[in-house]
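Right, one structure below, let's go through it.
The values are calculated or read from the model by the stated rules, or taken from the named source; none is laboratory data. Bear in mind that the values here come from a model prediction, so they are computed numbers and not experimental data. Positions of Cβ are generated from backbone atoms using ideal geometry, with glycine treated the same way; all protein chains shown enter the neighbour counts. Please note that ligands, DNA and RNA were not included when accessible areas were found on the heavy atoms of the full protein model with its side chains. Shrake-Rupley method; radii C 1.70, N 1.55, O 1.52, S 1.80 Å.
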Amino acid sequence: MKRQVAVLAALTLAVSAGCAEKQEQPAATPSASASPTASPIASGPPWHDEVAPAAAATTVGPKGTTCPLPITFSVPAKWKVEAVTSGADFKIGPAVPICEIDAKPAGHIGFLRVWRIEGAAPRTPQITLDTFIDDYGKATERQYRRTKAGPLDSFEATWAGEDGRKRAILVSSLYGKVLITLGGMDDEEYTAMLPAYQLARSSANLPK
(Lines give C-alpha, C1' and ligand atoms only; values in the text may rest on other atoms or scores of the structure.)
Protein backbone atom coordinates (compact mmCIF):
# COMPACT_ATOMS: atom_id res chain seq x y z
CA MET A 1 0.00 0.00 0.00
CA LYS A 2 1.31 3.41 -0.94
CA ARG A 3 2.33 5.83 1.81
CA GLN A 4 -0.34 8.43 1.01
CA VAL A 5 -3.12 5.82 1.12
CA ALA A 6 -1.94 4.62 4.52
CA VAL A 7 -1.49 8.16 5.87
CA LEU A 8 -4.86 9.43 4.68
CA ALA A 9 -6.66 6.31 5.84
CA ALA A 10 -5.05 6.68 9.26
CA LEU A 11 -5.93 10.36 9.25
CA THR A 12 -9.60 9.58 8.61
CA LEU A 13 -9.59 7.02 11.42
CA ALA A 14 -7.94 9.55 13.74
CA VAL A 15 -10.57 12.16 12.93
CA SER A 16 -13.33 9.62 13.56
CA ALA A 17 -11.74 8.69 16.89
CA GLY A 18 -11.43 12.36 17.77
CA CYS A 19 -15.11 12.81 16.97
CA ALA A 20 -16.02 9.98 19.32
CA GLU A 21 -13.93 11.53 22.06
CA LYS A 22 -15.60 14.88 21.40
CA GLN A 23 -19.04 13.33 21.79
CA GLU A 24 -17.99 11.86 25.11
CA GLN A 25 -16.41 15.11 26.27
CA PRO A 26 -15.83 17.09 20.97
CA ALA A 27 12.84 19.55 2.40
CA ALA A 28 12.61 17.09 -0.06
CA THR A 29 13.93 17.90 -3.54
CA PRO A 30 11.05 18.84 -5.85
CA SER A 31 10.55 16.77 -8.97
CA ALA A 32 10.68 18.25 -12.41
CA SER A 33 7.32 19.73 -13.35
CA ALA A 34 5.56 22.14 -15.63
CA SER A 35 6.06 25.86 -15.08
CA PRO A 36 3.08 27.74 -13.67
CA THR A 37 0.98 29.87 -15.92
CA ALA A 38 -0.09 33.39 -15.02
CA SER A 39 -3.63 33.07 -13.73
CA PRO A 40 -5.41 31.76 -16.83
CA ILE A 41 -9.18 31.56 -17.01
CA ALA A 42 -9.68 28.17 -18.59
CA SER A 43 -12.70 26.05 -19.35
CA GLY A 44 -12.57 22.30 -19.22
CA PRO A 45 -9.80 20.12 -17.83
CA PRO A 46 -7.66 20.30 -15.87
CA TRP A 47 -8.95 23.41 -14.07
CA HIS A 48 -12.69 23.20 -14.77
CA ASP A 49 -13.27 26.89 -14.12
CA GLU A 50 -16.63 26.50 -15.81
CA VAL A 51 -17.87 24.44 -12.83
CA ALA A 52 -20.10 26.67 -10.69
CA PRO A 53 -19.56 26.70 -6.91
CA ALA A 54 -22.05 24.78 -4.79
CA ALA A 55 -24.47 26.68 -2.55
CA ALA A 56 -22.88 27.69 0.75
CA ALA A 57 -24.25 26.20 3.96
CA THR A 58 -21.47 26.25 6.57
CA THR A 59 -18.50 28.53 7.20
CA VAL A 60 -15.31 26.75 8.19
CA GLY A 61 -12.55 28.51 10.10
CA PRO A 62 -13.98 31.19 12.45
CA LYS A 63 -12.85 31.24 16.07
CA GLY A 64 -15.07 29.20 18.34
CA THR A 65 -16.09 26.75 15.61
CA THR A 66 -15.04 23.13 15.08
CA CYS A 67 -11.97 24.07 13.02
CA PRO A 68 -10.55 27.53 13.80
CA LEU A 69 -8.22 28.35 10.89
CA PRO A 70 -6.00 31.17 9.56
CA ILE A 71 -8.63 31.61 6.83
CA THR A 72 -12.35 31.01 6.47
CA PHE A 73 -14.31 29.48 3.61
CA SER A 74 -17.73 27.97 2.91
CA VAL A 75 -18.77 24.36 2.32
CA PRO A 76 -22.06 22.89 1.06
CA ALA A 77 -24.84 21.37 3.12
CA LYS A 78 -24.23 18.00 4.79
CA TRP A 79 -20.43 18.07 4.47
CA LYS A 80 -19.15 17.11 7.94
CA VAL A 81 -16.45 19.33 9.45
CA GLU A 82 -14.05 17.80 11.98
CA ALA A 83 -10.82 19.06 13.53
CA VAL A 84 -7.78 16.80 13.14
CA THR A 85 -6.08 15.85 16.38
CA SER A 86 -2.42 14.75 16.45
CA GLY A 87 -1.99 16.21 12.99
CA ALA A 88 1.81 16.01 13.17
CA ASP A 89 1.50 12.22 13.02
CA PHE A 90 0.00 12.54 9.53
CA LYS A 91 2.33 15.15 8.06
CA ILE A 92 2.87 14.99 4.28
CA GLY A 93 5.86 17.00 3.08
CA PRO A 94 5.64 20.41 4.79
CA ALA A 95 1.90 20.08 5.40
CA VAL A 96 0.22 19.14 8.69
CA PRO A 97 -3.52 18.37 8.54
CA ILE A 98 -5.68 20.53 10.79
CA CYS A 99 -9.21 20.05 9.46
CA GLU A 100 -11.09 17.41 7.49
CA ILE A 101 -14.41 17.97 5.72
CA ASP A 102 -16.09 14.67 4.83
CA ALA A 103 -18.39 14.44 1.79
CA LYS A 104 -19.90 11.10 2.77
CA PRO A 105 -23.03 12.57 4.45
CA ALA A 106 -23.65 14.46 1.19
CA GLY A 107 -23.45 11.24 -0.83
CA HIS A 108 -19.85 11.33 -2.09
CA ILE A 109 -16.68 9.46 -1.17
CA GLY A 110 -13.94 12.01 -0.62
CA PHE A 111 -12.68 14.91 1.44
CA LEU A 112 -11.70 18.51 1.49
CA ARG A 113 -8.72 18.75 3.82
CA VAL A 114 -6.98 21.79 5.27
CA TRP A 115 -3.26 21.65 6.04
CA ARG A 116 -0.94 24.05 7.87
CA ILE A 117 2.39 24.63 6.08
CA GLU A 118 5.34 24.29 8.46
CA GLY A 119 9.03 25.02 8.18
CA ALA A 120 11.09 28.19 8.44
CA ALA A 121 13.09 27.64 5.24
CA PRO A 122 11.90 29.91 2.42
CA ARG A 123 10.19 28.06 -0.41
CA THR A 124 8.55 29.17 -3.60
CA PRO A 125 4.87 28.15 -3.82
CA GLN A 126 5.73 25.57 -6.48
CA ILE A 127 8.47 23.99 -4.35
CA THR A 128 6.01 23.80 -1.44
CA LEU A 129 3.39 22.07 -3.57
CA ASP A 130 5.93 19.81 -5.29
CA THR A 131 7.27 18.68 -1.92
CA PHE A 132 3.74 17.89 -0.75
CA ILE A 133 2.80 16.07 -3.96
CA ASP A 134 6.06 14.09 -4.05
CA ASP A 135 5.45 12.85 -0.51
CA TYR A 136 1.75 12.24 -1.17
CA GLY A 137 2.43 9.52 -3.73
CA LYS A 138 2.85 8.79 -7.42
CA ALA A 139 1.74 11.78 -9.48
CA THR A 140 1.53 12.53 -13.18
CA GLU A 141 0.11 15.34 -15.34
CA ARG A 142 1.07 18.06 -12.86
CA GLN A 143 -0.01 21.56 -13.75
CA TYR A 144 0.22 24.80 -11.77
CA ARG A 145 -1.09 28.34 -11.87
CA ARG A 146 -1.07 31.53 -9.85
CA THR A 147 -4.61 32.42 -8.92
CA LYS A 148 -6.85 33.80 -6.16
CA ALA A 149 -8.76 32.13 -3.37
CA GLY A 150 -11.40 34.74 -2.78
CA PRO A 151 -9.29 37.93 -2.54
CA LEU A 152 -6.20 36.07 -1.27
CA ASP A 153 -3.09 35.38 -3.34
CA SER A 154 -2.84 31.68 -4.04
CA PHE A 155 -1.02 29.04 -6.03
CA GLU A 156 -2.91 26.02 -7.34
CA ALA A 157 -1.96 22.55 -8.54
CA THR A 158 -3.79 19.71 -10.22
CA TRP A 159 -2.39 16.24 -10.84
CA ALA A 160 -3.36 12.64 -11.43
CA GLY A 161 -2.75 10.19 -8.59
CA GLU A 162 -3.13 6.43 -8.57
CA ASP A 163 -6.70 6.77 -7.30
CA GLY A 164 -7.79 9.64 -9.52
CA ARG A 165 -7.26 13.33 -10.06
CA LYS A 166 -6.36 15.62 -7.16
CA ARG A 167 -6.47 19.35 -6.56
CA ALA A 168 -4.68 21.63 -4.10
CA ILE A 169 -4.57 25.36 -3.51
CA LEU A 170 -1.91 27.03 -1.38
CA VAL A 171 -3.37 30.16 0.23
CA SER A 172 -1.32 32.98 1.74
CA SER A 173 -2.75 34.71 4.80
CA LEU A 174 -1.55 37.11 7.48
CA TYR A 175 -1.22 34.12 9.80
CA GLY A 176 0.77 31.79 7.54
CA LYS A 177 0.14 29.57 4.54
CA VAL A 178 -2.57 26.94 4.43
CA LEU A 179 -3.28 24.26 1.85
CA ILE A 180 -6.78 23.12 0.84
CA THR A 181 -6.89 19.79 -0.99
CA LEU A 182 -9.61 17.82 -2.76
CA GLY A 183 -9.41 14.08 -3.25
CA GLY A 184 -11.93 11.37 -3.96
CA MET A 185 -12.12 7.62 -4.40
CA ASP A 186 -11.82 8.00 -8.19
CA ASP A 187 -12.22 10.51 -11.02
CA GLU A 188 -16.01 10.25 -10.93
CA GLU A 189 -16.15 11.22 -7.27
CA TYR A 190 -13.58 13.97 -7.83
CA THR A 191 -15.71 15.48 -10.59
CA ALA A 192 -18.86 15.27 -8.46
CA MET A 193 -17.13 17.14 -5.62
CA LEU A 194 -15.63 19.93 -7.74
CA PRO A 195 -18.53 22.34 -6.94
CA ALA A 196 -17.64 22.05 -3.24
CA TYR A 197 -13.97 22.76 -3.98
CA GLN A 198 -14.92 25.73 -6.17
CA LEU A 199 -17.06 27.05 -3.31
CA ALA A 200 -14.19 26.75 -0.82
CA ARG A 201 -11.81 28.40 -3.30
CA SER A 202 -14.08 31.30 -4.23
CA SER A 203 -15.27 32.04 -0.68
CA ALA A 204 -11.88 31.97 1.08
CA ASN A 205 -11.08 35.05 3.14
CA LEU A 206 -9.39 36.22 6.31
CA PRO A 207 -11.26 35.69 9.59
CA LYS A 208 -13.35 38.66 10.68
(message) Taking amide H atoms as placed 1.01 Å from N in the peptide plane, list the residues 5 or more away in sequence, or in a different chain, whose amide H sits under 5 Å from that of THR147.
(response) SER154, PHE155, GLU156
(request) For PHE90, tell me the accessible area in Å² from a 1.4 Å probe, rounded to the nearest 10. (result) 30
(message) For the pairs LYS104/LYS177; LYS63/LYS138; LYS63/LYS148, flag any whose C-alpha to C-alpha distance is greater than 29 Å.
(response) LYS63/LYS138
(request) Would you mind getting the accessible area per residue of region 109-208, heavy atoms of the protein chains only, 1.4 Å probe, in Å²? (result) 41
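Sort THR140, THR72 by accessible area with a 1.4 Å probe, largest first. Kindly include the intermediate steps, with their values, before the conclusion.
Working: THR140 65, THR72 20 Å².
Largest accessible area first, the list is THR140, THR72.
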(message) Using a 1.4 Å probe on the protein heavy atoms only, what accessible surface does GLU82 show? Give it in Å² to the nearest 10.
(response) 20
(request) Enumerate the residues in region 88-115 having an amide nitrogen under 17 Å from the point lying 7 Å beyond the Cα of ALA77 toward its Cβ. (result) 103-108
(message) Restricting everything to alpha-carbon atoms, can you work out Rg to Rh for region 155-208 with a Kirkwood hydrodynamic radius?
(response) 1.02
(request) Output the Cα-based Rg and Dmax of region 105-208 in Å, rounding Rg to one decimal and Dmax to a whole number. (result) 13.5, 41
